[in-house]
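To start, the structure itself, in structure tokens.
The values are calculated or read from the model by the stated rules, or taken from the named source; none is laboratory data. Please read all numbers here as calculations on a predicted model, not as lab measurements. Here the Cβ positions follow ideal geometry from the backbone for every residue, glycine too, while neighbour counts run over all protein chains shown. Areas reflect the complete protein model, heavy atoms only, side chains present, ligands, DNA and RNA absent. Shrake-Rupley method; radii C 1.70, N 1.55, O 1.52, S 1.80 Å.
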Amino acid sequence: MPAKAKYRKDYKKPDYTATDIFLDFQLDPQDTLVTATTTFQRLNQAASELRLDGHSFQFVSLKLNGEDFSRYQQDSESLVLDLSNVAGERFELTVQTRLKPAENTSLQGLYQSGDGFCTQCEAEGFRQITYMLDRPDVLARYTTKISADKTRYPYLLSNGNRIAAGELENGKHWVEWQDPFPKPSYLFALVAGDFDLLQDRFITKSGREVALELYVDKGSLDRADFAMQSLKKSMQWDEARFDLEYDLDIYMIVAVDFFNMGAMENKGLNVFNSKFVLANPATATDDDYLDVERVIAHEYFHNWTGNRVTCRDWFQLSLKEGLTVFRDQEFSSDTGSRSVNRINNVKLLRTVQFAEDAGPMAHPIRPEKVIEMNNFYTVTVYEKGAEVIRMLHTLLGEVRFQQGMKLYIAENDGKAATCEDFVSAMERASGVDLTIFRRWYSQSGTPELTVSDEYDERMHIYRLSVAQSTPPTHDQLDKINLHIPLKMELYDAQGHKLALQDENGPVSNVLDILHNQQVFEFHQVYSRPTPALLCDFSAPVKLDYDYSDAQLLLLLKHAQNDFIRWDAAQMLLANELRQNLHRRQNGDALQMNPMLLDTLRAILDNYQQDVELTALILTLPKETEFAEQFKVIDPSGIHAVRRFLQQNIAEHLKDLLLKIYHRIDLPNYRIAREDIALRSLRNCCLSYLAVTEFGNALVNTHYLHANNMTDTLAALAAATSAALPCRDGLLTDFEQKWAHDGLVMDKWFALQATRPDEDVLQNVKQLMDHPSFKFNNPNRLRALVGSFANHNPNAFHAIDGSGYRFLVEVLIKVNNSNPQIASRLIEPLIRLARYDAQRQTLMKRGLERLAKLENLSKDLFEKIEKALD
Ligand code: TRP
Ligand code: ZN
């Protein structure tokens with residue numbers, strides 16, 4: 001496998017571009033004929049060779065300006081045309097190819113999902129359809145004609161407007177679509193099949209009417225309403241907050257069951273993983289609903305940040321993804337709870353993104369080197385990318401940030417832009433110097449802020465010393481200083497927030513950290529304060545300040561910033577975990593700080609003050625969240641000590657937990673912020689009560705009385721994790737009820753994979769033969785195998801190596817069928833540096849076995865090579 005890397009520094013403008021593309025699809029599961037007629041234009045007059053990308057199809061014929069043309073060379077991934085005898089600026093190429101969509105298990109290019117057809121072209125899937133300049137800086141106008149059997153495929157969809165349709169012989173029909181906006185090939189889409197259709201409309205703020213169409217599997221219409229509401233809400237929000245309006249007369253969303261990722265922003269025709277569309281109270285949890293809303297919003301927001309302004313090359317991916325994630329986070333925060341959203345985003349960043357930075361795949365949000373582009377749709381590019389945009393927003397403020405957005409869009413509309421184009425627009429529009437800030441785009445790794453303080457009692461001056469450094473990462477040894485906004489507050493011993501001032505008067509609470517070492521002075525501080533550092537998590541960094549438990553308890557009780565309160569609880573619990581791991585190693589009895597238990601009790605008792613935050617503070621961090629604290633992770637120790645903490649909190653608080661559990665009463669299920677918060681608090685109480693003597697009866701009743709999936713699943717999760725006697729009966733009941741529904745069964749598979757039992761792996765292996773399990777469906781595979789490898793660390797990292805061996809067996813198969821999914825599943829195995837020598841050896845053995853595969857995909861090759869290096 002010639003796995004050649006591409007480098008950002010090697011970017012060259014294309015010698016040719018495509019201006020107009022006419023695509024003709026004659027659809028058939030086993031034999032689809034594609035005729036692509038493209039007008040090319042020579043941009044570089046010295047060029048005489050045109051290299052087109054293409055693979056995984058049967059090449060049928062090639063014509064140039066209507067004549068047979070044979071001056072070309074073909075290799076495994078391209079077709080190189082010799083145009084030295086072709087005069088003129090413009091010429092037309094007609095390429096015919098044959099595809100077998102029914103056999104395409106990679107779910108890239110044109111493939112079959114259920115009984116229908118769909119495409120996935122980002123990042124480089126278009127080249128599996130026909131030969132093309134498959135790069136995002138080649139923008140063309142697309143016209144697409146689709147012909148297919150009319151009864152099996154009554155709906156034939158593509159980007160833009162439906163301009164013509166007709167009947168054919170043999171029960172076939174055709175539809176022609178035209179997209180007026182030039183676009184790169186990765187935004188092309190085609191869908192064909194039989195669906196149920198939900199229709200609605202939206203009037204834009206300038207008064208244009210947009211037809212909204214949502215296509216779902218037959219029989220799923222009762223799960224489509226929420227997605228449609230979410231779409232309208234997103235359209236309205238983007239007009240209000242960003243002054244951005246939709247630009248076509250129709251917006252279509254199709255939900256499919258076979259899909260590699262969340263969803264795809266194809267112009268005017270989004271294709272979604274059905275998991276992010278379908279929701280009703282019986283099948284979806286509160287979190288599922290919020291995910292549907294967020295993903296619908298994300299794809300809609302791409303219409304401007306991604307489609308109207310696209311990326312020059314794939315190294316610029318964060319230009320559209322970081323910005324669009326920032327926009328969807330703001331949407332969720334404006335329309336829901338800002339604190340809950342912030343805390344959940346920080347959890348994801350600290351666990352998954354920090355781990356990526358510390359592992360073999362570390363890369364800057366704008367990568368320098370790529371073998372397989374699909375490997376760079378990462379939490380770093382997406383979530384850290386969004387943090388970088390958020391820091392800009394913090395530094396500029398909303399008004400100047402929006403001025404920057406206006407300039408960015410005005411300058412780049414209809415073009416393929418770079419991250420630099422974005423930062424430059426922000427800089428010029430705001431007048432804020434972003435020279436040092438730009439380094440966030442090229443430096444990988446998680447910066448550390450080391451903070452110390454001193455208090456001058458006599459002068460009433462408080463000094464904060466802040467040092468920054470970034471440890472070396474796998475891809476980059478030398479690090480330089482960044483521009484880090486450090487948002488902070490000071491509290492006195494009674495928990496009152498102090499006004500910040502220096503010798504000249506009031507100062508901002510956002511400190512600009514630019515140098516190695518900086519000292520900030522605060523005046524008129526009349527007693528030693530407690531600093532609240534990194535309010536709202538103002539930068540994606542690790543903070544090192546030697547908080548005492550007393551200071552953390554003060555912040556937990558009194559801080560005005562919700563993130564700080566939650567984070568203080570996290571730090572206190574992490575301290576408990578660390579200390580008890582030591583006690584466990586020394587054979588001492590485990591214990592918890594009684595002051596922490598008292599404070600948690602007081603917060604719980606006061607839950608009505610802030611239900612959402614109470615639930616978040618009381619929720620015990622997962623094993624994987626705790627693990628991120630350690631350089632070398634002890635999975636079984638963390639598992640055991642976390643159990644102890646859970647048990648201990650439950651024992652101390654059980655009277656109150658029980659009282660609140662019974663007091664919260666939500667007879668009618670509503671998707672409303674207040675109800676979601678109360679349900680999550682009540683279910684949090686249940687998860688503790690599950691490990692007390694009331695556990696079995698309470699959980700069993702909770703399941704039987706549940707009138708929505710959130711409560712049903714909370715009961716099942718509590719029963720599973722506490723291995724209650726009622727567990728097996730409940731799991732069987734659920735299975736019988738939902739065996740016909742893959743999406744719902746995913747919740748059941750995930751629970752099975754996270755059972756704390758000794759024989760969990762045996763069970764997972766057997767479930768791969770369960771009638772509801774489909775190996776080629778990425779949702780099923782992730783629910784069962786992904787949950788086991790990522791969310792059951794105690795079993796996955798079993799010291800006999802059985803967890804690793806199992807994952808390797810699965811990867812060998814998925815490497816053949818769907819390399820993109822294989823590459824996502826391998827993640828927990830490449831983080832070997834974080835484990836002890838014995839586990840490292842076992843993990844390495846698994847990776848070496850994979851490395852020897854004859855047909856190892858580029859996707860896996862890139863990760864394995866780095867992990868073994
Ligand atoms: N651009 C998509 C998004 O962020 C994600 C995406 C990239 C994707 N490549 C994909 C989705 C491949 C499915 C398959 O919304
Ligand atoms: Zn996106």
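One table, with the values for the structure above:
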{"item": "Subset of the stretch 227-264 that is under 18 Å from SER332 (Cβ atoms) and touching a Ser or Thr at 6+ places or on another chain (Cβ under 8 Å) - its residue that is farthest from ligand 2 (Cβ to nearest atom)", "result": "GLU239"}
{"item": "Some residue of the stretch 356-365 being open to solvent by less than 40 Å² (accessible area, probe 1.4 Å) and either assigned to a helix (DSSP H, G or I) or modelled with pLDDT under 95 (or both)", "result": "yes"}
{"item": "Matching residues in the stretch 638-650 - criterion: being surrounded by fewer than 21 Cβ atoms within 10 Å (Cβ to Cβ) and closer than 18 Å to PRO828 by Cβ", "result": "HIS639"}
{"item": "Conditions (1) without any contact (Cβ under 8 Å) to a residue 24 or more places away in the chain; (2) in contact with a strand residue (DSSP E or B) (Cβ under 8 Å, 6 or more places away or on another chain): number failed by ASN779", "result": "(1)"}
{"item": "Residue that is farthest from ASP433 (Cα to Cα) [pool: residues in the stretch 481-494 that are over 29 Å from the mean Cα position of the chain (by Cα) and surrounded by 14 or more Cβ atoms within 10 Å (Cβ to Cβ)]", "result": "ASP492"}
{"item": "Filter result for the condition that a residue is under 21 Å from the mean Cα position of the chain (by Cα) and either assigned to a loop (DSSP other than H, G, I, E, B) or within 15 Å of ligand 1 (Cβ to nearest atom) (or both), over SER339, SER333, SER318", "result": "SER318"}
{"item": "Count of residues meeting criterion [open to solvent by 10 Å² or more (accessible area, probe 1.4 Å), closer than 20 Å to PRO184 by Cβ and either within 16 Å of ligand 2 (Cβ to nearest atom) or not in a loop (DSSP other than H, G, I, E, B) (or both)] in the stretch 125-162", "result": "5"}
{"item": "Filtered residue count, the stretch 572-597, keeping only those that are open to solvent by 70 Å² or more (accessible area, probe 1.4 Å) and assigned to a helix (DSSP H, G or I)", "result": "7"}
{"item": "Any chance GLY695 is surrounded by fewer than 17 Cβ atoms within 10 Å (Cβ to Cβ), small (Gly, Ala, Ser) and over 30 Å from VAL277 (Cα atoms)", "result": "no"}
{"item": "Flag for PHE69 being closer than 17 Å to PHE25 by Cβ and aromatic (Phe, Trp, Tyr)", "result": "no"}
{"item": "The stretch 392-411 residues that are touching a residue at least 12 places away in the same chain (Cβ under 8 Å), paired with ones that are basic (Lys, Arg) and open to solvent by less than 30 Å² (accessible area, probe 1.4 Å) (beta carbon under 9 Å, 6 or more apart)", "result": "none"}
{"item": "Within the stretch 598-715, helices (runs of 4 or more DSSP H) holding 3 or more residues that are within 28 Å of the chain's Cα centre (by Cα) and either without any contact (Cβ under 8 Å) to a residue 60 or more places away in the chain or on the phi > 0 side of the Ramachandran plot (or both)", "result": "673-689"}
{"item": "Matching residues in the stretch 396-422 - criterion: being more than 17 Å from SER318 (Cβ to Cβ), among the small types (Gly, Ala, Ser) and touching a helix residue (DSSP H, G or I) at 6+ places or on another chain (Cβ under 9 Å)", "result": "GLY397, ALA410"}
{"item": "Candidate set: the stretch 304-330, residues that are buried (at least 24 other Cβ atoms within 10 Å of the Cβ) and of a type in the set (S, T, N, Q); chosen: the one nearest to ligand 2 (Cβ to nearest atom)", "result": "THR324"}
{"item": "Any hit, the stretch 530-545, residues being on the phi > 0 side of the Ramachandran plot and either assigned to a loop (DSSP other than H, G, I, E, B) or open to solvent by 30 Å² or more (accessible area, probe 1.4 Å) (or both)", "result": "yes"}
{"item": "Exclusive hit being over 25 Å from GLN501 (Cβ atoms), modelled with pLDDT of 95 or more and either away from ligand 1 (no atom under 16 Å from the Cβ) or crowded, with 22+ Cβ neighbours inside 10 Å (or both), set ALA416, ALA386", "result": "ALA386"}
{"item": "Which listed residue, of ASP247, ASP222, is touching a residue at least 40 places away in the same chain (Cβ under 8 Å), loosely packed, with under 14 Cβ neighbours inside 10 Å and of a type in the set (D, E, K, R)", "result": "ASP222"}
{"item": "Candidate set from the stretch 497-512 (those that are touching a residue at least 12 places away in the same chain (Cβ under 8 Å) and part of a strand (DSSP E or B)); member that is nearest to ALA532 (Cα to Cα)", "result": "LYS497"}
{"item": "Selection status of ALA227, outside any strand (DSSP E or B), more than 16 Å from ligand 1 (Cβ to nearest atom) and buried (at least 22 other Cβ atoms within 10 Å of the Cβ)", "result": "no"}
{"item": "Some residue of the stretch 181-201 being open to solvent by 50 Å² or more (accessible area, probe 1.4 Å), away from ligand 2 (no atom under 16 Å from the Cβ) and without any contact (Cβ under 8 Å) to a residue 24 or more places away in the chain", "result": "yes"}
{"item": "Leading residue by the ranking (least open to solvent (accessible area, probe 1.4 Å)) among those in the stretch 389-400 that are more than 18 Å from ASN345 (Cβ to Cβ) and either among the hydrophobic types (A, V, I, L, M, F, W, C) or at pLDDT below 95 (or both)", "result": "LEU396"}
{"item": "Boolean, LYS63 is open to solvent by 20 Å² or more (accessible area, probe 1.4 Å) and not in a strand (DSSP E or B)", "result": "no"}
{"item": "Residue tally, condition in a loop (DSSP other than H, G, I, E, B) and of a type in the set (S, T, N, Q), over the stretch 447-496", "result": "3"}
{"item": "Residue pairs meeting the criteria (Cβ under 6 Å; at least 6 apart or on separate chains; first closer than 15 Å to PRO136 by Cα, in the stretch 40-54; second modelled with pLDDT of 95 or more and acidic (Asp, Glu))", "result": "ASP53/ASP134"}
{"item": "Pair list, Cβ < 6 Å and 6+ apart or interchain, from the stretch 100-124 residues that are in a helix (DSSP H, G or I) to residues that are within 12 Å of ligand 1 (Cβ to nearest atom) and of a type outside the set (A, V, I, L, M)", "result": "PRO101/TYR111"}
{"item": "Any hit, the stretch 248-271, residues being assigned to a helix (DSSP H, G or I), within 13 Å of ligand 1 (Cβ to nearest atom), at pLDDT 95 or above and among the aromatic types (Phe, Trp, Tyr)", "result": "no"}
{"item": "Flag for ASP75 being in contact with an Asp or Glu (Cβ under 9 Å, 6 or more places away or on another chain), open to solvent by 40 Å² or more (accessible area, probe 1.4 Å) and of a type in the set (Asp, Glu)", "result": "no"}
{"item": "Residue satisfying all of: in the stretch 279-302; of a type in the set (A, V, I, L, M, F, W, C) and open to solvent by less than 20 Å² (accessible area, probe 1.4 Å); farthest from ligand 1 (Cβ to nearest atom) among these", "result": "ALA284"}
